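Heads up, the thing below is written out as structure tokens.
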Amino acid sequence: MTAIDTIKQLFYSQVVMVSLSDFNIRTGGSTGWINITSEVQKAVSASSVREGICVVFIPHTTAAVTINENADSDVPRDVDFALNMISPDRREFRHGEGNSAAHTKSSLVGPSLTLIVTNGKLLLGTWQGIWFNEYDGPRTRKVHVRIMGE
Amino acid sequence: MTAIDTIKQLFYSQVVMVSLSDFNIRTGGSTGWINITSEVQKAVSASSVREGICVVFIPHTTAAVTINENADSDVPRDVDFALNMISPDRREFRHGEGNSAAHTKSSLVGPSLTLIVTNGKLLLGTWQGIWFNEYDGPRTRKVHVRIMGE
Amino acid sequence: MTAIDTIKQLFYSQVVMVSLSDFNIRTGGSTGWINITSEVQKAVSASSVREGICVVFIPHTTAAVTINENADSDVPRDVDFALNMISPDRREFRHGEGNSAAHTKSSLVGPSLTLIVTNGKLLLGTWQGIWFNEYDGPRTRKVHVRIMGE
């Protein structure tokens, strides 16, 4: 091993790694929640990052990504129902596609989620899952996952 | 070139870069959406980061930053209208400045957005634009842009 | 000092640092806001990061973390009130624990906040504070703080 190899090894063993991946999902109804926790965790594992952050980003404006309970399926069902009550269709809307209620929910819940990675895994609470929210489906949707860390 | 120069070059060519910039905008009404996508993209280009993340952060509590459709101007108009319906002024509010509806919208939509940078550009969907949301204008507002990556 | 020490020093003085810490808070009512700005700033100071980002993440699904005014205590009081009006209990909810309104607020406001660190301090506006939002207390809650930068 030459000196330069030693330096390279030292360097590469410490430097921050940057990974990017994506996956598609197929949503089944006009609205609905899909649990994507395991897909995001797979991206974290593939990145080899042990300590860092994970950004989940969706390139859509009538959908969102959120964290909520992963145990009782009545929770995503109830929150989806509540979001529809909070952001109903309104007769004052002008957008010709008729999906402004979906655009509103997208801004309320958001297209981006920043998570913590530690010990090579997502740091999530016991009851937390990562959920893709469809507000104007069914459609094929994409999820981008950026991981940075060491 | 000395050995130490070689090491420095190796080092600097790999290390994560960290950049910070800001810009001001002037909002025109009490509420309203301003498209800031090109200003944020300019900050990404100036940073020389090719692969990383971009954090857009506003230092205000009666405004927000969001992503939504950049094509039909009826979408930001409709979502602005819907947010005003979701968070109206309420007679039970006690805050003397009379802008608690704006503070509420700020917490609902949020002051921070984490985006992905790839190939030196923001990774955005075809219909996505980055929008500054004024809820208590008109005012001069500031937007901070932090970029990290390699 | 050997050549390898010089290289290590050069290396460690530039490389991105990654820190993780957490703290607990005790919430006092069924809903309520707790200012956690100084605890998060303490984590930033302890990390030695001068320029970077700070991710505040809570491992809960009936709480949230947000930024809002830190001056007049009527603002968090009013926003808490407004959130209860926007997401009331609904008779259509099925989740047996009876806290779906809290789960809804958690998705609306969010469990994660990405902040900018500069000069070793959080970059916040004059009126901005970081607030933990309890929606289903009183409980002991945890806040994770991830800092990355140089």
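The values are calculated or read from the model by the stated rules, or taken from the named source; none is laboratory data. Quick caveat: nothing in here was measured; it's all calculated off a predicted structure. In this analysis, Cβ positions are derived from the backbone assuming ideal geometry, glycine residues included, and neighbour counts consider all displayed protein chains. The protein model used for the area step is the full one, side chains on, heavy atoms only, and it has no ligands, DNA or RNA in it. Shrake-Rupley method; radii C 1.70, N 1.55, O 1.52, S 1.80 Å.
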Heavy-atom accessible area of region C:21-150 with neighbours in place, 1.4 angstrom probe: carbon+sulfur share in percent works out to 46
Efficiency of FRET from Cβ geometry, B:A46 and A:A3, R₀ 56 Å, rounded to 0.05 | 0.95
log10 I(q)/I(0) for chain C, Debye formula on C-alpha points only (no solvent), q = 0.21 Å⁻¹, two decimals, reads -1.26
Put a point 7 Å out from Cα along the line to Cβ at C:D89; what are the distances to that point in the other copies, in nm, shortest first?
-> 3.2, 3.2
Quick calc, the protein assembly as shown, dipole around Cα centre from Cβ unit charges on Lys, Arg (+) and Asp, Glu (-), nearest 20 debye, gives 500
Could you work out, for the protein assembly as shown, what percent of all Cα-Cα pairs fall into each 10 Å distance bin, beginning at 0 Å and stopping at the bin that holds the largest distance?
-> 4, 22, 33, 26, 10, 4, 1, 0
Which whole-number value in Å² is the accessible area per residue of chain A, probe 1.4 Å?
-> 38
In whole angstrom, note down how far apart the Cα centers of region A:89-150 and region C:89-144 are.
-> 17
What accessible area, summed over both chains, is buried at the B-C interface (1.4 Å probe, Å², nearest 100)?
-> 3200
Given backbone amide H placed at 1.01 Å from N, residues whose amide H is under 5 Å from that of C:E51, ignoring those fewer than 5 places away on the same chain, are C:G120, C:E150
Note on region B:87-150: the mean projected area of its alpha-carbon convex hull, in nm², is 6.3
Folded to 0 to 90 degrees: helix B:3-14 orientation relative to chain B principal axis, Cα = 30
